[in-house]
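J.: Before I ask anything, here is the structure I am working with.
The values are calculated or read from the model by the stated rules, or taken from the named source; none is laboratory data. Nothing here was measured: the structure is a model prediction, and the numbers come from that model. Note that each Cβ is placed from the backbone with ideal geometry, even for glycine, and that neighbours are counted across all protein chains shown. Keep in mind that these areas ignore ligands, DNA and RNA; they rest on the heavy atoms of the full protein, side chains included. Shrake-Rupley method; radii C 1.70, N 1.55, O 1.52, S 1.80 Å.
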Amino acid sequence: MPPLPADHHTDLLIVGAGPTGLFGAYYAGFRGLSVTVLDSLPEPGGQINAMYPEKQIFDIAGFPAVRGRELVDRLLEQAAPYDPCYLLGHRAETMERTTEGAFVVTTHQGARVRAKAVIVTGGIGTFTPRPLPAAAAYEGAGLAYFVRRPDDYAGRDVVIVGGGDSALDWALTLHPLAASVTLVHRRDTFRAHPATVAAVRATGVEILTEAELTKVIGDSGDGRDIEAVEITRRDGQTHRLPCRGIIAALGFTANLGPLLGWGLEIAHRRHIPVDPAMRTSVPGIYAAGDINDYPGKVRLIAVGFGEAATAVNNAAHHIDPEQPVFPGHSTDVPTAAPAAA
């Protein structure tokens with residue numbers, strides 16, 4: 001994926017690199033548009049890659065079951081022949097309208113993208129993992145909020161903190177790989193689905209409830225590698241566990257952030273209302289996926305794919321009114337699937 005220069009011109013800017021945004025990148029290429037995809041996370045895939053890359057998804061058309069990471073890889077592969085540009089690790093901040101009607105979006109790192117139309121596919125907005133204060137000094141050096149490569153934990157003693165679906169999913173995923181997996185949760189009941197809780201208990205994963213991780217012990221080197229952790233129970237007892245990796249699955253905070261200052265109509269400070277063409281209240285800006293809202297809206301990945309196609313087709317007509325909204329079927333277009341470079 002080629003990097004972008006500090007100032008970049010594109011036909012279409014897609015804000016959000018989750019499944020809806022990635023399918024929009026493919027469809028923009030199919031419509032002959034240059035496209036740039038911007039996301040605050042360092043990797044494409046949005047919530048899927050951040051929260052459940054190894055989990056099976058069962059409601060994607062054509063896939064009886066597909067792992068989250070595989071779905072993201074397939075979407076990237078589908079878009080790749082059209083050479084979309086990706087600007088990752090950049091949060092969209094300000095948006096200005098030029099005298100010619102184009103948009104200039106500036107990121108928190110100072111990159112500027114000039115686009116003829118914009119599609120917002122930001123899911124639940126910018127989301128940030130809830131911190132684990134006792135381990136904050138080890139972020140990036142043993143403490144992780146997402147598990148991108150389960151094999152990295154092979155043969156290691158792992159402590160997972162949390163009681164929701166993500167925490168227990170990671171316990172199931174890592175149990176066959178890690179030397180040991182300990183699940184620490186401050187309550188005695190779990191937010192995760194009961195079937196998942198039962199599956200974790202059946203593996204023999206050590207579960208410590210009514211407990212918190214209160215201290216991290218570094219090794220004798222530079223102090224940045226984790227050697228052990230201390231767990232404090234509600235009754236005051238403290239346990240020291242060997243540990244070479246901590247996963248903090250404590251949930252996320254999410255909001256639309258800077259998008260609230262773009263002049264878009266916002267419903268309940270969370271969603272962007274759209275019309276049947278996925279148009280927002282600002283001409284030239286569209287929204288698709290979980291972030292948009294309209295009567296009867298159903299928030300599924302499958303729905304987002306259709307909304308992305310609708311948004312791109314209408315954006316193509318907005319950019320060039322001589323272009324029809326409906327481009328014909330891909331089976332009728334010889335160049336619909338160019339050979340990848």
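J.: Rounded to a whole number, what % of the accessible area of the chain do carbon and sulfur atoms account for, probe 1.4 Å?
T.: 51
J.: Kindly give the semi-axes, whole Å and largest first, of the ellipsoid equivalent to the chain, taking each as the square root of 5 times a Cα gyration tensor eigenvalue.
T.: Listed largest to smallest, the semi-axes of the chain are 41, 21, 19 Å.
J.: Continuing with the same structure: Highest mean first, how do 98-110, 10-22, 179-191, 281-293 rank when packing is the count of other Cβ atoms within 10 Å averaged over residues?
T.: The peptides rank, most packed first, as 10-22, 281-293, 179-191, 98-110.
J.: Can I ask one more? Calculate, for region 40-116, the solvent-accessible area per residue in square angstrom, rolling a 1.4 angstrom probe over the heavy atoms of the protein chains.
T.: Result: 48 Å² per residue.
J.: Based on the inverse mean of 1/r over its pairs of different Cα atoms, what is the Kirkwood hydrodynamic radius of region 1-73, in Å?
T.: Answer for region 1-73: a Kirkwood hydrodynamic radius of 13.3 Å.
J.: Tell me the relative contact order for region 175-301 as a rounded percent, counting alpha carbon contacts under 8 Å between residues six or more apart.
T.: Over region 175-301, the number comes to 12 percent.
J.: Here's something else I'd like to know. Based on the Cα atoms of region 50-103, what semi-axes does the equivalent ellipsoid have, where each is the square root of 5 times one gyration tensor eigenvalue, given in whole Å with the largest first?
T.: Working through the eigenvalues yields semi-axes of 32, 15, 11 Å.
J.: In percent, how large is the relative contact order of the chain, given Cα pairs closer than 8 Å and 6 or more residues apart?
T.: 19
J.: Quick check on the chain: helices-only [θ] at 222 nm, where DSSP H runs of length 4 and up contribute -39,500 (n - 2.57) each and the sum goes over total residues. Nearest 500, please.
T.: -6000 deg cm²/dmol
J.: Taking every Cα atom in region 122-274, find the radius of gyration and the maximum pairwise distance Dmax, and write them in Å.
T.: Both quantities, over Cα of region 122-274: 17.6, 57 Å.
J.: With +1 on each Lys and Arg Cβ and -1 on each Asp and Glu Cβ, and nothing else charged, work out how big the dipole of the chain is about its Cα centre, in Debye to the nearest 20.
T.: Once rounded to the nearest 20, the dipole reads 620 debye.
J.: Okay, moving on. Rule-of-thumb check for region 31-76: C-alpha Rg over 2.2 N^0.38 Å?
T.: 1.30
J.: With no solvent and one point per C-alpha, what does the Debye sum give as log10 I(q)/I(0) for region 22-134 at q = 0.15, 0.16, 0.17 Å⁻¹?
T.: -0.76, -0.85, -0.93
J.: On a 0 to 90° scale, report how tilted helix 68-79 is relative to the longest principal axis of the chain, with both axes built from alpha carbons and the result rounded to the nearest 10.
T.: 20
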